[in-house]
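The values are calculated or read from the model by the stated rules, or taken from the named source; none is laboratory data. Quick caveat, the model's predicted, so the values are computed rather than measured. Note that we place each Cβ from the backbone using ideal geometry, even for glycine, and neighbour counts take in every protein chain shown. For accessibility, only protein heavy atoms count, side chains too; no ligands or nucleic acids. Shrake-Rupley method; radii C 1.70, N 1.55, O 1.52, S 1.80 Å.
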Amino acid sequence: MRILNTTPPFFLLIMLAGLYFPACKADHTLQPISEKDHFRIQGFRALRSRHQLRLAKDNESGQRLIICGKLLRQHNMTPLKNQFVQIYQADHTGNYNPADPNDKSTARLSGTLQTNDLGMFYLETILPGNGRSPGKGRIHVVVPGADPEVYDIFFREYLGILEKRWLRNSDQYLQADLRMGKDGSVVGFVTMKINTIGR
């Protein structure tokens, strides 16, 4: 499946506004993870290998990132179980380095996983950049058969005020709250509501 750049022109203007208006800029302060969430991570790490994906190797440059995700059907909030998902992203500098220059989903940092019976998945990677700074990028999640099929995970602590307001009005663009993990990784928990009417 070929996936082109999904960034709307209006959203590009919102991101540019954050560069020029200090009040719109992001606060990158990360709070330490709670004991409760630390134990939640252990539950995700215990998932079977097909429910996990490691995009970035140990020698990959950038801040280590853990995403503990859950997919739900939007219309009834039940788990989207055993769903194959493709995930791709840029590196910490914002480069995708796709195998096909016209298709970002063939990015160097890309892979697939399958959700478990509760719709859960576990991802280990790095904070993606967007050419300006790490963390300002996003993680793309492709759910075949959904409408829409492509969802983007942004990071709240790296978003400006205008960006947060714009993203708040869309189920396709999600904001993950990041916390600093005990091992130095940053951790985000994401619940994704997927439109699967007819499935």
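Okay, here's what the table says:
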{"item": "Where region 127-199 is the region considered: accessible area per residue in Å², 1.4 Å probe", "result": "41"}
{"item": "Accessible area of Val142 in the full protein assembly, 1.4 Å probe (Å², nearest 10)", "result": "0"}
{"item": "Rounded accessible area of Asp58 (nearest 10 Å², 1.4 Å probe)", "result": "120"}
{"item": "Percent carbon-and-sulfur accessible area, region 120-199, ignoring ligands, DNA and RNA, probe 1.4 Å", "result": "45"}
{"item": "Inter-label distance for Thr93 and Ser49, nm, one decimal - labels placed 7 Å from Cα along Cα-to-Cβ", "result": "3.3"}
{"item": "Accessible-area ranking of Phe121, Phe189, Phe39, largest first, probe 1.4 Å", "result": "Phe39, Phe189, Phe121"}
